[in-house]
Structure formats: C-alpha cells, structure tokens
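Participant: The structure under discussion is supplied below as structure tokens; questions concerning it will follow.
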Amino acid sequence: GGSCAMGPGLFATFVDVFRTQVERYEERTLYRFLIDGNVDGPIASLTLGMLDRRARAIGARLRAERAVEQRALLLYPPGLDYVTAFFGCLVGGVVAVPAYPPDPARLERTLPRLRAIVRDCGATVVLTTSAIAGLAGAFVSAAPELAQLRFIATDTIPDHEADDWRAPSCSADSLAFLQYTSGSTGVPRGV
C-alpha cells in the first residue's frame, strides 16, 4: 500500500503537497482522459483547482458519513470520477481500496474477487458512480456481505460540500491506500 508521506523535506504528507500545488497552480491541467480512447476524440480534463474542489467535497462527505480512518472500496470504470474519488479519500483521511466494478452480465465470474477484497480489507463504504450504485441491488443479492457497505455515488456530491472540508489528521505513517493483486493465481492480496 501507499503512505500519505512524501519522505523527508518540506512536506509531511501527500495532502500537504497537493494543497500547496493547488495554491500555486490552480488553473493548470493535471489530468486528461480520452473518453473513447482516441487522441482525436472527446477529452475530459481536470485542473488542479477542479480536482481540489471535487476531492474536498468528497472528503467532506466521507467525514459526514463517519468514514474517516475507515476503508473505502472504489468501484469505478476508467475515468476522472475515479481520480476525484481517490483524491477525495486522501484529503478525507480515508484509506482507498481501488477495485474493478463487477460486470452485471458476468457476476459469477467477476464478483468472487470483489467479495474476497471486501472480506480482507474491512471496507465500510463503497465510492462509485450513480450508474454503478444503481446496480448495488444485483451485487448485494449475489454477495450478501456487500449489504453491510454504504454506497456513495460521488458524482452526485455537490461541489459546495467542499466548503465543509477539514484537513485530516494524517501523519507520515498513515496508510493512504490498499492495492490488491489480481487474484488470477489465488486469493487477491493487499499490498
């Protein structure tokens, strides 16, 4: 897994680095996503300022949901929603646990890995899109342990919730995220 720390020097945590970069380069584009995978096609982008506002809104919602210092499963298709949720966890003091969303057409094949991750990491919330949250009923009926998780659709969190954000009590030793192995040769393991 990662750590909030960026090593010795000027900054104690990743959150410190991020917030300093936002102050200096708020209008700078940080991420571009090729929506259809074609460089000549439509592109979505995030500036540092946009990412900061979305991340703080998500972080504030996580605090309101009492998820601080808990683990949050991130279920997103490729795109900028994943980026904002990941940073939302960082600035919210929540351990991000990225995972691929299960395929509703192939639940029997894609759900076992997710179930193993949930059992191992002890997640209390799922961050995802409203479209995937709408499928939660199908996931829960096939995997009852998912019923214990609170699903939060981050694309429905309004930006103004960023005004309620407070910096987490993150230290150089705080865990930032858990990345799980593919599980293709056994049970997925957190690293």
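Participant: Please compute one quarter of the surface area of the Cα convex hull for the chain and express it in square nanometres.
Facilitator: Working: hull surface 47.2 nm².
For the chain, averaging the hull's shadow over all directions gives 11.8 nm².
Participant: Could you state how much accessible area Cys121 has, in square angstrom rounded to the nearest 10, with a 1.4 Å probe and all protein chains kept in place?
Facilitator: Its accessible surface works out to 10 Å², give or take rounding.
Participant: Can you give the accessible area of Ile43, probe radius 1.4 Å, in Å² rounded to 10?
Facilitator: Per-residue accessible area (Ile43): approximately 80 Å².
Participant: Still on this structure, I have one more. Roll a 1.4 Å probe over the protein chains and send me the accessible area per residue for the chain in Å².
Facilitator: Result: 52 Å² per residue.
Participant: Tally up the carbon and sulfur contribution to the accessible surface of the chain as a whole percent, 1.4 Å probe, everything protein left in place.
Facilitator: Carbon and sulfur: 52 percent of the exposed surface of the chain.
Participant: Using a 1.4 angstrom probe on the protein heavy atoms only, could you order Asp40, Asp120 from most to least accessible area?
Facilitator: My answer, sorted largest first, is Asp40, Asp120.
Participant: Give the ranking of Tyr76, Tyr31 by solvent-accessible surface, highest area first, calculated with a 1.4 Å probe.
Facilitator: Listed by decreasing accessible area, they come as Tyr31, Tyr76.
Participant: Calculate log10 I(q)/I(0) of segment 7-89 for q = 0.11 Å⁻¹, where I(q) comes from the Debye formula with a single equal point scatterer on each Cα and nothing for solvent.
Facilitator: -0.36
Participant: To the nearest 20 Debye, how big is the dipole of the chain about its Cα centre, given +1 on the beta carbon of each Lys and Arg and -1 on that of each Asp and Glu?
Facilitator: Once rounded to the nearest 20, the dipole reads 460 debye.
The values are calculated or read from the model by the stated rules, or taken from the named source; none is laboratory data. The structure displayed is predicted, hence computed values, not measured ones. A quick note on method: Cβ atoms are made from the backbone with ideal geometry, for glycine too, and the neighbour counts reach across all protein chains shown. All accessible areas refer to the heavy atoms of the entire protein, side chains included, with ligands and DNA or RNA removed. Shrake-Rupley method; radii C 1.70, N 1.55, O 1.52, S 1.80 Å.
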